[in-house]
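Engineer: Supplied in structure tokens, the structure appears directly below.
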Amino acid sequence: MTVTIYVEDVQGRQEVRPAGETLASTLASLRLPHTMFQAYLVHPGDDLLPIPHWTRLDVLDRANDQVLVRALRNTLFDTILPTSGAGTGEVVSGAGFEQIVPGENGRDATWKQVALGPRQAQRLVVDEVGSFLRTHDTATRGCVFGVSGGGDSNALAYGLSQSLPHDKIVAFTLVFRDVMTQAAADRATILCQDLGINHEVIQPVELARLLDIRTSLDALYDDFSSVFGTEALHFFGTFLILKTARTLAQRHGLHDLAFGYNREDLLAELLFMVVNGRRPLSYPTRSLGEQRIVMPVWRIPKLVLDACHPRFSLENYRERDAHTTRQRSLAFYLGHTLDSSYPSFGLSLLDGMQRAFGDSFSQLTYDSDLDVYVTELADESRRDVVGGLLRRHFGQAGD
């Protein structure tokens with residue numbers, strides 16, 4: 001079926017052959033949000049019937065019906081979106097990225113596409129990490145970071161190794177069940193050996209000793225699962241990694257805890273906090289007393305980080321635990337839709353929110369009884385639940 005899409009009164013109409021089964025997929029193929037259009041079924045005699053965007057075009061009477069899709073508001077689509085893509089459709093190696101550049105005449109836009117191979121992606125990461133570390137004086141403070149064997153932390157390791165004195169870097173990988181696998185630790189070891197940086201692989205018994213867990217890591221894991229559910233196991237891993245990073249930083253006299261938070265990670269966190277009526281936590285640095293969390297690759301999309309070591313990133317995805325939460329999944333889904341809908345829009349949002357909040361970001365405060373840093377939403381009942389869990393397993397308190 002031919003769909004007639006009226007984009008602007010002054011620009012006439014566009015006739016396209018639908019790429020998918022529904023009106024929404026037809027609009028999506030043109031990078032047009034379906035919420036900006038109303039669709040009408042036009043019968044012979046000019047009778048109009050509004051139809052929803054999920055209507056399947058193949059069920060309509062091709063001989064007698066026409067679908068008219070009309071823009072709800074005046075929007076200069078041609079100045080925002082190019083009329084056609086620049087890609088050839090041929091297979092090329094590398095991770096693909098897009099940019100839409102407004103024309104100098106103010107009436108049209110150019111669609112630019114580029115594919116980054118591993119070397120190009122690594123150079124981009126090195127430049128970004130180097131600039132970040134100079135701005136935030138990490139070379140003086142020294143840095144501890146976890147290496148998961150996946151794309152984000154592997155790319156971060158590469159960037160740090162090229163930008164910091166190696167005696168100012170300590171990398172570590174935890175091994176525990178399917179949360180953090182031995183295979184991931186093996187990949188991290190190979191990478192760190194190639195980069196020539198100090199790397200510690202910490203097994204469960206060693207980790208319990210390091211963190212002063214008086215029961216066992218298995219007991220802590222089981223208790224955490226019973227309190228928060230198996231879908232929260234991702235947060236268990238994050239909890240262990242942060243506590244380990246803090247402990248190792250104190251042991252080695254270093255002060256920055258580097259994490260491979262990428263652009264979509266921060267977008268997901270930002271959207272989750274704002275949608276739930278909370279002030280977002282600060283980025284790209286986050287104070288933890290004398291220590292701080294730093295995020296050297298926060299502006300870089302995850303696709304670029306994965307492109308630095310494609311085989312390692314793929315192996316990491318194959319090993320991932322299937323458990324997560326619906327809220328976390330939704331936040332990441334929404335975070336990725338921003339740049340997918342319009343190139344670099346997510347980065348614009350992060351930059352804008354950082355300027356808007358300035359010194360008004362939510363801060364983490366130290367709870368000396370529990371030896372944890374908590375958000376402003378950590379009320380007494382929540383602290384009691386977490387405190388009870390930690391006291392059951394840690395020597396004095398936990399993190």
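Engineer: Looking at the structure I just gave you, is residue 126 among the aliphatic types (A, V, I, L, M) and open to solvent by 60 Å² or more (accessible area, probe 1.4 Å)? Walk me through how you get there before you give the answer.
Structural biologist: Details: among the aliphatic types (A, V, I, L, M): yes; open to solvent by 60 Å² or more (accessible area, probe 1.4 Å): no.
So residue 126 fails the test.
Engineer: So which helices (runs of 4 or more DSSP H) stay within region 241-319 end to end and still have 3 or more residues that are farther than 25 Å from residue 183 by Cβ?
Structural biologist: Working: elements: 263-275, 302-308, 310-319.
Passing ranges, in order: 263-275.
Engineer: Let me ask something additional. Modelled with pLDDT of 95 or more, within 13 Å of residue 146 (Cα to Cα) and open to solvent by less than 60 Å² (accessible area, probe 1.4 Å): which single residue out of 247, 238 fits that description?
Structural biologist: Working: 238 fails: modelled with pLDDT of 95 or more.
Residue meeting the stated conditions: 247.
Engineer: Hey, could you check region 347-380 for residues that are in a helix (DSSP H, G or I) and of a type in the set (D, E, K, R) and say which is surrounded by the most Cβ atoms within 10 Å (Cβ to Cβ)?
Structural biologist: As a first pass, look at region 347-380 and keep what is in a helix (DSSP H, G or I): 347-360, 380.
Now narrow it down to the ones that are of a type in the set (D, E, K, R): 351, 355, 359, 380.
On the way: 351: 12, 355: 8, 359: 6, 380: 7.
Once the filter is applied, the top-ranked residue is 351.
Engineer: OK, next. What is the residue count in region 1-14 for residues that are closer than 24 Å to residue 341 by Cα and modelled with pLDDT of 55 or more?
Structural biologist: Residues that pass the stated criteria total 4.
Residue-wise test of (1) at negative phi; (2) at pLDDT 90 or above; (3) touching a Leu at 6+ places or on another chain (Cβ under 9 Å).
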{"position": "146", "(1), (2), (3)": "yes, yes, yes"}
{"position": "151", "(1), (2), (3)": "yes, no, yes"}
{"position": "155", "(1), (2), (3)": "yes, no, yes"}
{"position": "189", "(1), (2), (3)": "yes, yes, no"}
{"position": "199", "(1), (2), (3)": "yes, yes, yes"}
{"position": "216", "(1), (2), (3)": "yes, yes, no"}
{"position": "227", "(1), (2), (3)": "yes, yes, yes"}
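Engineer: Filtering region 98-115 down to residues that are open to solvent by less than 40 Å² (accessible area, probe 1.4 Å) and small (Gly, Ala, Ser), which residue is farthest from residue 344 (Cα to Cα)? Working first, answer last.
Structural biologist: Of region 98-115, the ones open to solvent by less than 40 Å² (accessible area, probe 1.4 Å) are 100, 103, 109, 115.
Add one more test, that the residue is small (Gly, Ala, Ser), and what stays is 103, 109, 115.
Details: 103: 17, 109: 15, 115: 15 Å.
Looking at the filtered set, the residue picked out is 103.
Engineer: Scan region 202-214 and report the pairs whose first residue is in contact (Cβ under 8 Å) with a residue 40 or more places away in the chain and whose second residue is assigned to a helix (DSSP H, G or I) and open to solvent by less than 20 Å² (accessible area, probe 1.4 Å), with Cβ atoms within less than 8 Å and a gap of 6+ or a chain change.
Structural biologist: 202/244; 211/240; 211/243; 211/244; 213/207; 213/220
Engineer: Go through 239, 272, 259, 235 for me and flag whichever is free of Cβ contacts under 8 Å to residues at least 24 places away in the same chain and out of contact with any His (no Cβ under 8 Å at 6 or more places or on another chain). Outline the logic, then answer.
Structural biologist: Values: 239 fails: free of Cβ contacts under 8 Å to residues at least 24 places away in the same chain; 272 fails: free of Cβ contacts under 8 Å to residues at least 24 places away in the same chain; 259 fails: free of Cβ contacts under 8 Å to residues at least 24 places away in the same chain.
Matching residue, one of 239, 272, 259, 235: 235.
Engineer: Let me ask something additional. Given (1) part of a strand (DSSP E or B); (2) touching a residue at least 12 places away in the same chain (Cβ under 8 Å), identify the lone condition not met by residue 101.
Structural biologist: Answer for residue 101: the failing condition is (2).
Engineer: I need a count of the residues in region 160-206 that are out of contact with any Gly (no Cβ under 8 Å at 6 or more places or on another chain), surrounded by fewer than 21 Cβ atoms within 10 Å (Cβ to Cβ) and assigned to a helix (DSSP H, G or I).
Structural biologist: So the count comes out to 10.
Engineer: Shifting gears a bit: Could you grab me the full set of residues in region 227-240 that are assigned to a helix (DSSP H, G or I) and not aliphatic (A, V, I, L, M)? Outline the logic, then answer.
Structural biologist: Residues of region 227-240 that are assigned to a helix (DSSP H, G or I), as a first pass: 227-228, 230-240.
Those that are assigned to a helix (DSSP H, G or I) and not aliphatic (A, V, I, L, M): 228, 230, 231, 234, 235, 236, 237, 238, 239.
Engineer: Out of region 39-73, which residues are basic (Lys, Arg) and either at pLDDT 75 or above or touching a strand residue (DSSP E or B) at 6+ places or on another chain (Cβ under 6 Å) (or both)? Talk me through it step by step, then tell me what you get.
Structural biologist: Pass one, region 39-73, residues basic (Lys, Arg): 56, 62, 70, 73.
Scanning region 39-73 gives 56, 70, 73.
Engineer: I want to confirm something. Restricting to region 15-37 and keeping residues that are assigned to a strand (DSSP E or B) and either in contact with a Gly (Cβ under 9 Å, 6 or more places away or on another chain) or surrounded by 16 or more Cβ atoms within 10 Å (Cβ to Cβ) (or both), which single residue is modelled with the lowest pLDDT?
Structural biologist: First, the residues of region 15-37 that are assigned to a strand (DSSP E or B): 15-16, 22, 37.
Okay, now just the ones that are also either in contact with a Gly (Cβ under 9 Å, 6 or more places away or on another chain) or surrounded by 16 or more Cβ atoms within 10 Å (Cβ to Cβ) (or both), so 22, 37.
Values: 22: 83, 37: 87.
The selected residue is 22.
The values are calculated or read from the model by the stated rules, or taken from the named source; none is laboratory data. On a predicted model such as this, the values are computed, not experimentally measured, just so you know. Here Cβ is always computed from backbone atoms with ideal geometry, including for glycine, and neighbour counts include all displayed protein chains. Side chains are part of the model used for accessible areas, which takes the heavy atoms of the whole protein and leaves out ligands, DNA and RNA. Shrake-Rupley method; radii C 1.70, N 1.55, O 1.52, S 1.80 Å.
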